[in-house]
Amino acid sequence: MEESEIIEIVSALPGVVSLTASAADGSPESAWGDTFFFYDPDGDTPDTHRFPFATIVGSNYKGFDEASNLDRPGVFRVNVAVGRSAFETLFGRSPKDAAEHLSDHDVAASDVLFPHPNYASQAWVSVINPAQRTSAELRPLLELAHDLARNRYDPRG
């Protein structure tokens with residue numbers, strides 16, 4: 001899957017606002033080119049109150065998020081907030097226990113689903129350059145994250 005295909009799939013979900021960070025929107029330079037997906041059906045939630053349910057990141061965040069070595073040419077990582085239940089199903093442990101088991105995963109490997117190097121405790125998962133092994137798994141995870149975000153936005157459904 002290419003970044004553009006993922007952006008198209010997620011942006012087509014109902015109520016999604018996507019933002020690809022740039023200088024024009026005031027994003028910090030370290031985020032330029034990264035894409036963030038929010039559930040905001042009316043498109044009027046202030047940026048300061050939006051929280052993404054998925055992101056696409058194409059470079060390291062120096063001093064914070066470097067474990068996946070995203071500064072390699074052609075590399076991007078898709079990050080998805082899947083919720084505790086799905087996280088436990090995928091990895092056999094609670095998100096709160098993920099940090100102590102992160103070394104069980106190669107967080108720089110392509111086409112492998114792994115706990116997010118920094119946000120696993122918040123039930124985020126990641127995949128670098130999704131391809132043959134993870135493409136079929138990624139789409140339902142993105143849809144799940146969208147559903148969870150929609151339910152947080154309007155708990156009545």
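The values are calculated or read from the model by the stated rules, or taken from the named source; none is laboratory data. Values in this document were obtained by computation on a predicted structure and should not be read as measured data. Using ideal geometry, Cβ is built from the backbone for each residue, glycine included, and neighbour counts are taken over all protein chains shown.
See the values below:
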quantity	calculated
Residue selected from region 65-86 under the condition over 27 Å from residue 152 (Cα atoms) and in contact with a helix residue (DSSP H, G or I) (Cβ under 9 Å, 6 or more places away or on another chain), by the criterion modelled with the highest pLDDT	76
Residue in region 101-152 that is farthest from residue 88 (Cα to Cα), counting only those that are part of a helix (DSSP H, G or I) and touching a Pro at 6+ places or on another chain (Cβ under 7 Å)	138
Qualifying residues in region 62-98 (those that are surrounded by 17 or more Cβ atoms within 10 Å (Cβ to Cβ) and over 16 Å from the mean Cα position of the chain (by Cα)) - the one farthest from residue 143 (Cα to Cα)	98
Every residue from region 28-46 that is closer than 22 Å to residue 142 by Cβ, among the hydroxyl-bearing types (Ser, Thr, Tyr) and modelled with pLDDT under 95	45
Residue in region 52-61 that is modelled with pLDDT of 95 or more and loosely packed, with under 15 Cβ neighbours inside 10 Å present	no
